[in-house]
Amino acid sequence: MELQIKQVISWMEKTNEKIQSNKEYLTSLDQAIGDGDHGLNMARGFQEVVNKLSSSNYTYVSDVLKDVSMTLLSKVGGASGPLYGTAFLKMSTALKGIETVDYPQFKKAVVEAVNGVKERGKANKGEKTMIDVWEPIVDFLQKQDNLEAKELESTAEKAMEATQDLKATKGRAAYLKERSIGHLDPGSVSSYYIFAALSEVLEEGA
Amino acid sequence: MSNVGIVLISHSPKVVEGIKDIIRQMVPDVPVELAGGTDDGSIGTNVEKIQNAIENAYNEKGVLLFFDLGSAMMNAELAVEMTDYEKVKVVKAPLLEGAYVAAVESGMGKTLEEVEKAARNVFDQT
């Protein structure tokens, strides 16, 4: 795999498309076990991201990712702002000064992102949060020598679906305790869109 | 003499305005800055608002940050990581009661550490 500025921008555009067309769905998931703002927050945040990227010029992939991060931090009012903002900021830092990102570099960036999210949210795997998608993705990447785009997507999808059976111990859903079981975690669903979008970009580039 | 600054962070602008009103009844002159709601004033928190509030509340005594739910703490911690000031701390205490006691202690000229300790132990006071 190779990721250049063009692909990263396309990754964010595809993510935005998925989030816009699933805005109501994300909101309904969040209304079930959270504060109901996830669809609106993500739709607003990623629309701003796409606007920002289309009006800027970039030399390095890390600069694109930094703008993604800063936009999400300032425009998303819910927990997904600092969490996704941290994820993309860590990726940006890990890829600083690189023009074409190769697979080992990308792996490292995702590992850094997950560590950042865990630290920011003080959460671990199994707590019914976005980490339940990001961590299985890291495990998957660590096992692969070459990135299979389709498998990336299906790994994220399986991980997202598995959050249905978990009891939330972090985030607003944690207040509901057992009542959170049986619902998908909204942050895991939006994380799935991010990896599904990446998978599409990689397939196009292959 | 300067006083430890207080920053109130809530998902709702009304919540922090109300808390400031309560504080001002007893403590008229301690810096109290607000970071309530998102950048467009809806329910949520915003790191830039928190950064501005720190800037306005800051003096050599330092600033303490009080927060309510979820993203409020994460954004408070982010703002602390992003600031160049050293004496800025997030306090784990109830937003209203903690900030109230902190304002009173700050008004008495206490240090950052003393004010923080009083706020954290707010329910232990008789």
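Observations
- Pair list, Cβ under 6 Å, 6 or more apart: region B:89-102 residue among the basic types (K, R), other residue open to solvent by less than 20 Å² (accessible area, probe 1.4 Å): B:K89/B:L64
- Residue match in region B:37-50 (condition: within 14 Å of another protein chain (Cβ to nearest Cβ), in contact with a helix residue (DSSP H, G or I) (Cβ under 6 Å, 6 or more places away or on another chain), open to solvent by less than 20 Å² (accessible area, probe 1.4 Å) and not hydrophobic (A, V, I, L, M, F, W, C)): yes
- Filtered by the rule that a residue be part of a loop (DSSP other than H, G, I, E, B), surrounded by fewer than 19 Cβ atoms within 10 Å (Cβ to Cβ), away from every other protein chain (no Cβ under 14 Å) and of a type in the set (S, T, N, Q), region B:1-25 gives a lone residue, B:S2.
- Members of region B:53-71 that are among the small types (G, A, S) and within 14 Å of another protein chain (Cβ to nearest Cβ): B:G70, B:S71
- A count restricted to region B:70-86 and to residues that are surrounded by fewer than 17 Cβ atoms within 10 Å (Cβ to Cβ) and not acidic (D, E) stands at 3.
- Residue in region A:120-137 that is in a helix (DSSP H, G or I) and more than 15 Å from the chain's Cα centre (by Cα) present: no
The values are calculated or read from the model by the stated rules, or taken from the named source; none is laboratory data. None of the values given here were measured: they were computed from a predicted structure. FYI the Cβ positions are ideal-geometry reconstructions off the backbone, even for glycines, and counts take in every protein chain you see. Surface areas here come from the heavy atoms of the whole protein model, side chains and all, with no ligands, DNA or RNA. Shrake-Rupley method; radii C 1.70, N 1.55, O 1.52, S 1.80 Å.
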